[in-house]
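Just so it is clear, none of the values below were taken in a lab; they were calculated from the coordinates. These numbers come from a predicted model, not from an experiment. Note that we place each Cβ from the backbone using ideal geometry, even for glycine, and neighbour counts take in every protein chain shown.
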Amino acid sequence: MDKIQKSELGTIQKVTVEKMNFLYLEVPNDPESQQKAWSEFEARFPSLTGRKMYGLDYDEKKVYRVCSLVLESDNGETFGLEPFDFEGGTYIRLRLKFDPPELYEKIGPAYGFLISQYEEKINWALPMIEQYKSKSILDIMVPINN
């Protein structure tokens, strides 16, 4: 599925997620812990300008990683966070375009839709990914086997 499909939630496309270097904060995988973690995580940086934010959902391990790509301008500073290399993989992406708070209300249904549609192809060894593109655009990605 290299072409774009449309659903009532947004557009769906098969994508390759490249290797990325992250700084992260790991929390229990529940909505309350995730919500609290984002504000704590963002407060660690002197500025959020230029930061690309991700949420990695390790469902089987029951952990969630709030992540930012490492920037060249970080000059090795970790801001009290843990670094790690994410190897990437093949994903099905559902792009949500809604204004907050409706955007956040669509995350659960987006995961539910992708899991129901691609259940037989999901690679459970990799995390599910939320990539925060802008205030009103969020990519939900589910890993699949090639």
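With contacts defined as alpha carbon pairs under 8 Å and 6 or more residues apart, what's the relative contact order of the chain in percent? In percent, rounded to a whole number, it is 29. For segment 20-86, the Cα-based Rg and Dmax, in that order, read 11.6, 34 Å.
For GluC sites (Glu not before Pro), the sites in segment 1-58 that DSSP calls loop and that have at most 10 other Cβ atoms within 10 Å are Glu8, Glu18.
Partner aspartates and glutamates whose Cα lies under 18 Å from the Cα of Lys106, excluding those fewer than 8 positions away in the same chain, are identified as Glu8, Asp30, Glu32, Asp57, Glu130, Asp139. Per-residue ellipticity at 222 nm, computed for the chain from helices alone with -39500 (n - 2.57) per DSSP H run of at least four residues, works out to -6000 deg cm²/dmol.
So which residue, out of Arg65, Arg44, Arg93, gets the largest mean-square fluctuation from a GNM of the chain using Cα contacts under 10 Å as springs? Maximum fluctuation in the GNM of the chain, among the listed residues, is at Arg44.
The distance separating the Cα centre of segment 99-145 from that of segment 47-80 comes to 18 Å. Relative to the longest principal axis of the Cα atoms of the chain, the long axis of helix 107-118 lies at roughly 50 degrees. The ranking of Val142, Val63 by Cβ neighbour count inside 10 Å, starting from the fewest, reads Val63, Val142. In this structure, the pairs whose alpha-carbon distance is over 20 Å, taken from Lys19/Lys133; Lys97/Lys135; Lys14/Lys135, are Lys14/Lys135.
Neighbour counts of other Cβ atoms within 10 Å put Leu56, Leu94 in the fewest-to-most order Leu56, Leu94. Report the normalised scattering of the chain as log10 I(q)/I(0) at q = 0.13, 0.19, 0.22 Å⁻¹, calculated by the Debye formula with identical scatterers on the alpha carbons. Ignoring solvent entirely, the Cα scatterers give -0.57, -1.24, -1.58.
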